[in-house]
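Colleague: Here it is: the structure, laid out below.
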Amino acid sequence: MINVATHSGSFHPDEVFAVATLQLFLGDSDLQIIRTRDESVIEKADWVIDVGGVYDVETNRFDHHQNGSPMRDNGIPYSSFGLVWKHLGEQITGSVEITNFIEEAIAQPVDAGDNGVNLYTLNELKVAPCEMYSVIGSFKPVWGSDKTEDEAFVEAVDFARGFLERKISFAKANIEMKQVVQAGYEAAENKALLVFDEPVNRHSFIEYSDVNVIVYPSESSGEQTWRAVVIATDYHTFSNRAEFPEAWAGLRDVELAAVSGIEDAVFCHKGRYFFVAHSKEGAIKAAQAVESR
C-alpha cells in the first residue's frame with residue numbers, strides 16, 4: 001500500500017488535483033490517502049502533498065508553503081498540483097504537447113488561485129467566470145450534513161481524476177485531428193473554404209489565417225447533416241473572421257430555405273457562425289455565401 005499524506009480540514013483544488021494526478025500515475029487501487037497534520041505521520045508517508053513544508057522530488061515531497069518555493073517564469077507561483085504535474089505529467093500523458101496543454105489550461109489557473117494571483121479583471125458586465133475553486137468547493141460538506149471533510153475530499157478527487165482523464169483524451173484526439181486538418185488545408189486549392197468528410201473542430205483552423213469557413217458532416221437528433229462553420233479570430237474570443245448573411249440569422253427549415261435559396265437548409269444560428277443543411281452540397285452553398293468581416 002502506497003501512503004499519500006495531505007493536510008486535513010478544508011480542501012482546495014491544488015491538493016485535490018495533485019492527489020488525482022498521483023492516482024493517474026500510481027493507480028488508485030493500492031493508494032491510501034491520509035489527511036493529517038501530524039508531523040510523525042507525514043514523515044512516514046511515501047508521498048506528501050501540500051503539507052510538510054518541503055519540496056523535494058527525490059523524496060516525493062510536494063509542498064509550496066515554505067519560503068523559496070518555486071515560481072514560473074510568467075510570475076505564477078507553483079502550488080502542489082503544479083509541482084506534481086511538472087514532474088509526472090509527461091509520464092502520464094506520454095506527450096510534451098499534451099503535458100503543456102494541461103499545464104496551461106488547468107495547472108496554472110489552479111495554482112494562480114491557490115497563491116492569490118488574479119487572472120482577469122471584470123468588464124462592464126461585472127460577471128465573474130465560474131472557476132475551478134467554485135467547482136471543487138461544491139464537493140465540500142453542506143452545513144448541517146453528516147458528510148465528513150474526508151469523504152467529500154475523496155469525491156472531489158474522483159471528479160478531478162475523471163476531469164484530467166477526459167481533458168487528456170480530448171487533447172490526444174485533437175493532435176490526431178490536426179493532422180487531418182493540415183492535410184486538408186494543404187490539398188485544398190481554395191484555402192478560404194475547406195471541405196472535410198469527417199467532423200473537425202473550427203478552432204483547429206485559427207492558425208490558418210486564410211481560412212474563413214469549413215464544411216463537415218455532423219449528426220443531429222440521430223440524423224446525418226452537414227455544417228458550414230466560420231472560423232474564430234482567436235482562441236479566447238467570440239469574434240469570427242466571417243459570418244452568414246444577416247437575413248438568415250435564427251431561421252430554420254422552410255423559412256430559411258426560402259431566404260437562402262438552399263432547398264435542404266435546416267438552421268442558421270442567430271449569431272451567424274454556423275449553418276446546417278441536410279446535404280454536403282447545401283452546406284457548401286451556404287459556405288460560399290459567407291461575408292468576410
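The values are calculated or read from the model by the stated rules, or taken from the named source; none is laboratory data. Being a predicted model, the structure only gives us computed values, none of them experimental. We place every Cβ from the backbone using ideal geometry, glycine too, and count neighbours over all the protein chains shown.
Colleague: Report whether or not Phe244 is surrounded by 17 or more Cβ atoms within 10 Å (Cβ to Cβ), touching a helix residue (DSSP H, G or I) at 6+ places or on another chain (Cβ under 6 Å), within 22 Å of Val200 (Cβ to Cβ) and touching a residue at least 24 places away in the same chain (Cβ under 8 Å).
Modeller: Numbers: surrounded by 17 or more Cβ atoms within 10 Å (Cβ to Cβ): yes; touching a helix residue (DSSP H, G or I) at 6+ places or on another chain (Cβ under 6 Å): no; within 22 Å of Val200 (Cβ to Cβ): yes; touching a residue at least 24 places away in the same chain (Cβ under 8 Å): yes.
The answer is no for Phe244.
Colleague: I would also like to ask the following. With the condition kept exactly as written, say whether any residue in the range 144-156 is farther than 28 Å from Leu31 by Cβ, of a type outside the set (Phe, Trp, Tyr) and out of contact with any Phe, Trp or Tyr (no Cβ under 8 Å at 6 or more places or on another chain).
Modeller: Within the range 144-156 (the criterion being farther than 28 Å from Leu31 by Cβ, of a type outside the set (Phe, Trp, Tyr) and out of contact with any Phe, Trp or Tyr (no Cβ under 8 Å at 6 or more places or on another chain)), the answer is yes, since at least one residue qualifies.
Colleague: Given the residues Asp150, Asp114, which is the only one that is surrounded by 11 or more Cβ atoms within 10 Å (Cβ to Cβ) and touching an Asp or Glu at 6+ places or on another chain (Cβ under 7 Å)?
Modeller: Sole residue among the options that is surrounded by 11 or more Cβ atoms within 10 Å (Cβ to Cβ) and touching an Asp or Glu at 6+ places or on another chain (Cβ under 7 Å): Asp114.
Colleague: With the requirement that a residue be among the small types (Gly, Ala, Ser), under 18 Å from Pro217 (Cα atoms) and surrounded by fewer than 20 Cβ atoms within 10 Å (Cβ to Cβ), what does the range 279-293 give you?
Modeller: Scanning the range 279-293 gives a single hit, Ser279.
So that you can scan it fast, the table gives a plain yes or no per residue for (1) under 27 Å from Leu83 (Cβ atoms); (2) outside the structural domain of Val84 (by TED's automatic domain parsing); (3) at pLDDT 95 or above:
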{"residue": "Ser95", "(1), (2), (3)": "yes, no, yes"}
{"residue": "Ala105", "(1), (2), (3)": "yes, no, yes"}
{"residue": "Asp111", "(1), (2), (3)": "yes, no, yes"}
{"residue": "Asn118", "(1), (2), (3)": "yes, no, no"}
{"residue": "Thr121", "(1), (2), (3)": "no, no, no"}
{"residue": "Trp143", "(1), (2), (3)": "no, no, no"}
{"residue": "Asp146", "(1), (2), (3)": "no, no, no"}
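Colleague: Can Ala265 be described as among the small types (Gly, Ala, Ser), at pLDDT 95 or above and either under 24 Å from Lys191 (Cβ atoms) or in contact with a Lys or Arg (Cβ under 7 Å, 6 or more places away or on another chain) (or both)?
Modeller: So Ala265 fails the test.
Colleague: Within the range 153-173, track down each residue that is touching a residue at least 12 places away in the same chain (Cβ under 8 Å), farther than 20 Å from Phe139 by Cα and either buried (at least 17 other Cβ atoms within 10 Å of the Cβ) or of a type in the set (A, V, I, L, M, F, W, C) (or both).
Modeller: Ile168, Ala171
Colleague: Under 8 Å between Cβ atoms, at least 6 apart or on separate chains: pull out the pairs that start in the range 90-106 with a residue that is surrounded by fewer than 11 Cβ atoms within 10 Å (Cβ to Cβ) and end on any residue that is part of a helix (DSSP H, G or I) and of a type in the set (A, V, I, L, M, F, W, C).
Modeller: Gln91/Phe25
Colleague: Within the range 11-35, how many residues turn out to be hydroxyl-bearing (Ser, Thr, Tyr) and either modelled with pLDDT under 95 or on the phi > 0 side of the Ramachandran plot (or both)?
Modeller: Looking only at that region, the number is 1.
Colleague: Go through the range 59-89 and report how many residues are over 17 Å from Ala5 (Cβ atoms) and without any contact (Cβ under 8 Å) to a residue 40 or more places away in the chain.
Modeller: Summing the residues that are over 17 Å from Ala5 (Cβ atoms) and without any contact (Cβ under 8 Å) to a residue 40 or more places away in the chain in the range 59-89 gives 11.
Colleague: Name every residue in the range 197-217 that is of a type in the set (A, V, I, L, M, F, W, C) and surrounded by fewer than 18 Cβ atoms within 10 Å (Cβ to Cβ), in order of residue number.
Modeller: Restricting attention to the range 197-217, the residues satisfying the condition of being of a type in the set (A, V, I, L, M, F, W, C) are 200, 205-206, 211, 213-215.
Hit for the range 197-217 is Ile206, nothing else.
Colleague: Is there a residue in the range 269-292 that is over 30 Å from Tyr120 (Cβ atoms), touching a Pro at 6+ places or on another chain (Cβ under 7 Å) and assigned to a strand (DSSP E or B)?
Modeller: Yes, there is a match, as at least one residue in the range 269-292 is over 30 Å from Tyr120 (Cβ atoms), touching a Pro at 6+ places or on another chain (Cβ under 7 Å) and assigned to a strand (DSSP E or B).
Colleague: Looking at the range 218-233, which of the residues that are surrounded by 10 or more Cβ atoms within 10 Å (Cβ to Cβ) and not aliphatic (A, V, I, L, M) is nearest to Lys270 (Cα to Cα)?
Modeller: Here the answer is Arg227.
Colleague: Determine if the range 81-94 includes at least one residue that is of a type in the set (Gly, Ala, Ser), closer than 21 Å to Lys167 by Cα and in contact with a helix residue (DSSP H, G or I) (Cβ under 6 Å, 6 or more places away or on another chain). Can you show your working first?
Modeller: Looking only at the range 81-94, we keep the residues that are of a type in the set (Gly, Ala, Ser), and these are 82, 89, 94.
Filter once more, keeping what is closer than 21 Å to Lys167 by Cα: 82, 89, 94.
Narrowing further to those that are in contact with a helix residue (DSSP H, G or I) (Cβ under 6 Å, 6 or more places away or on another chain): 82, 89.
Yes, the range 81-94 contains a residue that is of a type in the set (Gly, Ala, Ser), closer than 21 Å to Lys167 by Cα and in contact with a helix residue (DSSP H, G or I) (Cβ under 6 Å, 6 or more places away or on another chain).
Colleague: Let me ask another. For the range 126-141, give me the residue count where each residue is of a type in the set (Ser, Thr, Tyr) and assigned to a helix (DSSP H, G or I).
Modeller: 2
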